[in-house]
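What follows is a set of notes on a single structure, which appears directly below.
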Amino acid sequence: MTLTTPAAADFPVLAQENLTYLDSAATAQTARPVIEAMDEYYTEYRASIHRGVYPLAARATDAYEGARERVAAFAGSTPGETIFTKNVTEAINLVSYSWGRTNVGPDDLVVLTQMEHHSNIVPWQLLGSRLAYVPVTDEGLLDLDVFDELLAQGPKLVAVAHVSNVLGTINPIEEIAARAHAAGALVLVDGAQAVPHLPVDVAALGADFYAWTGHKAYGPTGIGVLHGRRELLEAMPPFLGGGHMISRVGDYESQFAEPPARFEAGTMPVAEAIGLGAAVDYLSGLGMDAVWEHSRDVTGYAIERLRTVPGLTLHGPAELEHRGSLASFAFEDIHPHDVAEILGRQGVCVRAGHHCAQPLMRRLGVPASSRASFAVHNTHEDVDRLIEGLDKVRGVFA
Ligand SMILES: Cc1ncc(COP(=O)(O)O)c(C=O)c1O
């Protein structure tokens, strides 16, 4: 099954001339139904949720909680196990502060991987436990033999990206979770680069915590998601204190609400949650199998064409089956920022830098790379424009 309609028409930004957007891994463009859903909230029923009893407020509450239901179903979770956050970064920090400070001591071990985004590294450094990293092989895959050795040390948690934002590697989460659980560890998955592109079923994957971010999934900025196993969430203390997250406030102590409310203190990003609900409806309407197949087609074509560019090194797994919707690359003699800038002048938007993955950059032995990433609106023609642009880059530095 492939995408039946040309999805580019669904993204107002893309109507402008000479724009080839290949940076959806940084932030995706907003789909029109998302903009409309947020606009409707602002123009028709803006009100504070959970507190007001008048019809406008009831409508806003229903829209917010309805979005939670659809977001949960989209990822194979349940509403009671789905917390709205600001982004995936905040979702991971929530787990590290709340679950981490209760369950992980300074001598305990947290296992990360060398391909994590800083969002899945720094919160664990702040926790102050021991850290160990699963190395990345020369093929861009996780070294699962070393993973087993680390598991033998009895870690409390394994924190791993579902899809690497630099290598594109799709990690075998089911297998990682099964091995981690057998060793008595919990598993947190950073799904930022997975949820927008491939069908994700949090329960089937066996993740204890699964975090993702709305703005990469064609939704608005300012909204992220944490799915957590119910019994874990119930045992966790609040992350932030304030309105809505309590059941009773005494003068000197309080009782807290049940999850997910316990973890949603203060006025939440209501419009953004409603927008994210519209984003998952949009993706469900396209069909995640079709979205994934489209990604296979465009990413496969991009890899094939990038391999033909003289002097270009492609990072990440050679096999498409191990690769998500992106391709990072470098030229030996041309700085990635120069590559991105010259492409940018031609209307081709790619990301350059360390991609918030400095430990991985050190492993690759490069300070930075360029990254093209693909979305439902990208086509083979977009890839052709990238390749033509790279020819011009090479021409400038010839
Ligand atoms: C794998 C991965 N994790 C985490 C993040 C952080 O996302 P956010 O800034 O939305 O929290 C990103 C985004 O760049 C990412 O690619």
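The values are calculated or read from the model by the stated rules, or taken from the named source; none is laboratory data. Predicted model, so just to flag it, every value in this text is computed and none were measured. FYI the Cβ positions are ideal-geometry reconstructions off the backbone, even for glycines, and counts take in every protein chain you see.
Annotations for the structure displayed:
- Selected residue (only one of H227, H197 is in contact (Cβ under 8 Å) with a residue 40 or more places away in the chain, within 21 Å of the chain's Cα centre (by Cα) and more than 15 Å from I83 (Cα to Cα)): H197
- Count of residues meeting criterion [within 16 Å of the ligand (Cβ to nearest atom) and surrounded by fewer than 15 Cβ atoms within 10 Å (Cβ to Cβ)] in segment 110-159: 2
- Unique match (being aliphatic (A, V, I, L, M), more than 11 Å from the ligand (Cβ to nearest atom) and surrounded by fewer than 22 Cβ atoms within 10 Å (Cβ to Cβ)) among L198, L188: L198
- Failed criterion for T20 (all others in (1) surrounded by 15 or more Cβ atoms within 10 Å (Cβ to Cβ); (2) touching a strand residue (DSSP E or B) at 6+ places or on another chain (Cβ under 7 Å); (3) under 30 Å from V160 (Cβ atoms) hold): (3)
- Test: R51 is surrounded by fewer than 21 Cβ atoms within 10 Å (Cβ to Cβ) and closer than 13 Å to A273 by Cβ: no
- Search result, residues across segment 335-381 that are in a loop (DSSP other than H, G, I, E, B), modelled with pLDDT of 95 or more and among the β-branched types (V, I, T): V350, V376, T379
- Selection from segment 8-27 of residues that are within 20 Å of T221 (Cβ to Cβ) and not in a loop (DSSP other than H, G, I, E, B): D10, P12, V13, L14, Y21, D23
- Those residues of segment 28-46 which are buried (at least 17 other Cβ atoms within 10 Å of the Cβ) and in a loop (DSSP other than H, G, I, E, B), in sequence order: A28, Q29, T30, A31
- For segment 239-267, the tally of residues that are surrounded by fewer than 20 Cβ atoms within 10 Å (Cβ to Cβ) and touching a residue at least 12 places away in the same chain (Cβ under 8 Å) stands at 13.
- Scan segment 54-74 for residues that are more than 18 Å from P259 (Cα to Cα), more than 22 Å from the chain's Cα centre (by Cα) and either surrounded by 14 or more Cβ atoms within 10 Å (Cβ to Cβ) or not hydroxyl-bearing (S, T, Y) (or both) and the total you get is 7.
- Against the list (1) farther than 29 Å from L314 by Cα; (2) touching a Leu at 6+ places or on another chain (Cβ under 9 Å); (3) within 16 Å of the ligand (Cβ to nearest atom), the condition A211 fails is (1).
- Screening segment 84-109 for residues that are away from the ligand (no atom under 16 Å from the Cβ) and part of a loop (DSSP other than H, G, I, E, B) and picking the one that is surrounded by the most Cβ atoms within 10 Å (Cβ to Cβ) gives V104.
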